[in-house]
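Each value in this text was obtained by applying a stated rule to the coordinates, not by laboratory testing. If you're wondering where the values come from, they're calculated on a predicted model, not measured in any experiment. Virtual Cβ from ideal backbone geometry, glycine too; neighbours counted across all protein chains shown.
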Amino acid sequence: HVFIIVDGEADFVTGGKMIDPKDTAPDQVRGPGIEGGTTHHLVKGDVITIPAKTPHWFKEVPSKTVAYYAVNIDSE
């Protein structure tokens, strides 16, 4: 994935271990949070790339909302 932040700010975690993962759709796993990982404070204009199969999560959104474009690249 590539996320492009267009408005707001957020603390975004990548890596670590997903808490209580559940399959929610084909090739889609979700959980309520992540243990460990690296926290990135993202603001308008930031771009972050998340490697395939890497857990990622918007941990906190101090601005109450964050607007972003998500580009999903098929790894096959």
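Annotations for the structure displayed:
- Cα centre as origin, Lys/Arg/Asp/Glu Cβ charges: the chain dipole, Debye: 120
- The lysines within cross-link reach of residue 53, meaning a Cα-to-Cα straight distance under 17 Å and a gap of 8 or more places when in the same chain, are 17, 22.
- Computed over the alpha carbons of the chain, Rg followed by Dmax gives 12.5, 36 Å.
- Relative contact order for the chain: 50 percent, from Cα pairs under 8 Å spaced at least 6 residues apart, divided by residue count.
- Label point distance in nm, residue 60-residue 46, each placed 7 Å from Cα along Cα→Cβ: 1.3
- Rounded to the nearest 20, the size of the Cβ-charge dipole of the range 33-76 about its Cα centre is 200 debye, with Lys and Arg at +1 and Asp and Glu at -1.
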